[in-house]
Structures are given as structure tokens and as C-alpha cells.
Amino acid sequence: MTRVKVCGVTRESDLLAVAASGADAVGLISGVSVDTPREVSPEQAASLAATTPPFLTTVLVTMPETTTDALTMVRRTGVDAVQVHGVDPEMAAELGDHVRTLLVATDADRAPAYEGVADAVLVDSVDEAGAGGTGETHDWARTRELVGSLDTPVILAGGLTPENVAEVVETVDPYGVDVASGTEASGGVKDRGKVEAFVRNARRGTEVAP
């Protein structure tokens, strides 16, 4: 079954909506070098993580300059896993020795470099700084090749919506899918109906809900 992560949660009400939808993970963005309405302070991230119901994995999404920065953020926020953007394989390997679950976000061409380094590779449409959340789709066929060639689980992100996620799951067969802007009413604010539809359609695979 395809795992689902809903990213960019900034409010407790949205967090609870994600939990009620049956998603597997929730992403809390903090400590990034790009301007995004989905970023929260480390204190807000810690508060949201502390109120997350059981069986919903909390994921810190961050862009650390050093390994120490990343580990400090993990401790401050108390999350279950960390997703890093803009780090090279050497830094990812060092982080992987210290965190329980490490996700590395990158593009499809660079994803093989993180094989055996990260617990999962999140293939996204990234900008020049290595940040995701662009809302742009990419070559799903290329990502499908990665799924077949890598032992490391592949999570697909980038331009996903309730309307296209079933096709994505059918085409790519990823370990998981990750959505942010595709489930929003406005920047940083979730639309509960979109969240529920996204999770439902991701799980259905080829059968798109009306």
C-alpha cells in the first residue's frame, strides 16, 4: 500500500485533519533558507509534534548547513524523522548515523547517489537551492525507473493533487507520495476535503474518486 505524507502543516486543526484522513506522516517545515508560507518556528514545530496522535509519523523538513544544525533541530522539535534538502551524500551519510529515520529530497538524476545512505529518497521538482515545494510535476517515467533500480524506497513529490495522485501511483508505483500545496486552501492552510481526497485516491491507485 502506498504511504502518504501531507507536508507543510502549520496549524493544530490542520494536523488533526491530516491524522483523521488516515495519512501515514505529516511534514513540519522549519529551518529552511527559502521563503515559504508553510514554515513554522522550531517552537511551533515542537508543539505540533507533541500534539500529534499516535501512529502518525512526524517529519521535520529542513535545509541544514551542517550536520550539527540538523541534529539540533531534530532535538528541539522532537520529531520521529527528518527530511533534508540541499545536502550532499557525504553529509547525508553522516546524518544517517545519528537520526532514526532520514529522508533525502533530490531530483531524479541525483537520487542514485543516496542509495544506501538514506532510509528513503524523496524525488521532487527542486529549485537551484535544492528546495522542493515548487508545485511542479516532473518526469514520472524517470522516477518509475528509479523505483525499479534502487533498493532504497522512493517517495514521489512535486505537483501532486487529489486529481492526479491515482495516476501517479499507477505509473510510478512509489513507496510513498508527498503533497503540500496540492491539499491547500491557501498558502500554509490545509483544505480538509482535499486532504481526505488525496489520501483516499492515493490508496485507491487506479480508481479515481469522483
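Can you tell me how many residues in region 48-65 are in contact with a helix residue (DSSP H, G or I) (Cβ under 8 Å, 6 or more places away or on another chain) and more than 12 Å from L16 (Cα to Cα)?
At the first step, the residues of region 48-65 found to be in contact with a helix residue (DSSP H, G or I) (Cβ under 8 Å, 6 or more places away or on another chain) are 48-49, 51-53, 56, 58, 60, 62, 64.
After this cut, where a residue has to be more than 12 Å from L16 (Cα to Cα) as well, the list is 58, 60, 62, 64.
The total comes to 4.
Among the residues that make up region 118-126, is at least one of them part of a helix (DSSP H, G or I), touching a residue at least 12 places away in the same chain (Cβ under 8 Å) and not charged (D, E, K, R)?
Of all residues in region 118-126, those part of a helix (DSSP H, G or I) come to none.
Within region 118-126, not a single residue is part of a helix (DSSP H, G or I), touching a residue at least 12 places away in the same chain (Cβ under 8 Å) and not charged (D, E, K, R).
So, in region 75-94, of the ones that are more than 21 Å from G116 (Cβ to Cβ) and touching a helix residue (DSSP H, G or I) at 6+ places or on another chain (Cβ under 6 Å), which residue ends up surrounded by the fewest Cβ atoms within 10 Å (Cβ to Cβ)?
Going through region 75-94, the residues more than 21 Å from G116 (Cβ to Cβ) turn out to be 75-80.
Pick out the ones that are also touching a helix residue (DSSP H, G or I) at 6+ places or on another chain (Cβ under 6 Å) and you get 76-79.
Working: R76: 17, T77: 25, G78: 15, V79: 28.
Of everything passing the filter in region 75-94, G78 is surrounded by the fewest Cβ atoms within 10 Å (Cβ to Cβ).
Filter region 169-194 for residues that are in contact with a Phe, Trp or Tyr (Cβ under 6 Å, 6 or more places away or on another chain) and within 30 Å of P89 (Cα to Cα) and give the result. Break it down stepwise before answering.
Step one: list which residues in region 169-194 are in contact with a Phe, Trp or Tyr (Cβ under 6 Å, 6 or more places away or on another chain), which gives 171-172, 179, 183.
Within region 169-194, T171, V172, V179 qualify.
Filter the helices (runs of 4 or more DSSP H) completely within region 14-110 down to those with at least 1 residues that are basic (K, R). Explain how you work it out, then say what you get.
Numbers: elements: 42-50, 67-77, 89-96.
Result: 67-77.
I'm checking my understanding of the structure. Among residues of region 25-41 that are crowded, with 20+ Cβ neighbours inside 10 Å, over 23 Å from T68 (Cα atoms) and in contact (Cβ under 8 Å) with a residue 40 or more places away in the chain, which one is nearest to the chain's Cα centre (by Cα)?
Only one residue fits best here, namely A25.
Looking only at residues in region 170-204 that are surrounded by 19 or more Cβ atoms within 10 Å (Cβ to Cβ) and hydroxyl-bearing (S, T, Y), which one is modelled with the lowest pLDDT?
S181
Quickly run through region 1-14 and pick out the residues that are surrounded by fewer than 23 Cβ atoms within 10 Å (Cβ to Cβ) and either among the hydroxyl-bearing types (S, T, Y) or touching a strand residue (DSSP E or B) at 6+ places or on another chain (Cβ under 9 Å) (or both). Spell out the reasoning first.
Initially, region 1-14 is screened for residues surrounded by fewer than 23 Cβ atoms within 10 Å (Cβ to Cβ), giving 1-3, 10-13.
Hits for region 1-14 are T2, R3, T10, R11, S13.
Inspect all residues belonging to region 74-92 and state whether any of them is touching a Ser or Thr at 6+ places or on another chain (Cβ under 7 Å), of a type in the set (D, E, K, R) and closer than 20 Å to V177 by Cα.
Scanning region 74-92 turns up at least one residue that is touching a Ser or Thr at 6+ places or on another chain (Cβ under 7 Å), of a type in the set (D, E, K, R) and closer than 20 Å to V177 by Cα.
Only residues in region 42-65 that are modelled with pLDDT under 95 count as the first member; pair them with residues that are part of a helix (DSSP H, G or I), Cβ under 8 angstrom, at least 6 apart or cross-chain, and list the lot.
As it stands, the answer is none, since no pair meets every condition given.
Exactly one condition in (1) at pLDDT 95 or above; (2) β-branched (V, I, T); (3) over 26 Å from P153 (Cα atoms) is false for V34; which is it?
Only one criterion in (1) at pLDDT 95 or above; (2) β-branched (V, I, T); (3) over 26 Å from P153 (Cα atoms) is unmet by V34, namely (1).
Could you list, in sequence order, all residues of region 139-177 that are assigned to a helix (DSSP H, G or I), among the aliphatic types (A, V, I, L, M) and over 16 Å from the mean Cα position of the chain (by Cα)?
Passing the criteria: A141, L146, V147, A166, V172.
Residue by residue through region 178-198, note down the ones that are part of a helix (DSSP H, G or I) and touching a helix residue (DSSP H, G or I) at 6+ places or on another chain (Cβ under 7 Å). I'd like the intermediate steps shown before the answer.
Start the filter on region 178-198 by keeping residues that are part of a helix (DSSP H, G or I), which leaves 181-183, 192-198.
Correct list: G182, T183, R192, K194, V195, E196, F198.
The values are calculated or read from the model by the stated rules, or taken from the named source; none is laboratory data. Just so we're clear, the structure is a prediction, and the values are computed from it rather than from any experiment. Don't worry about glycine lacking a Cβ; one is built from the backbone with ideal geometry, like all the others, and counts go over all protein chains shown.
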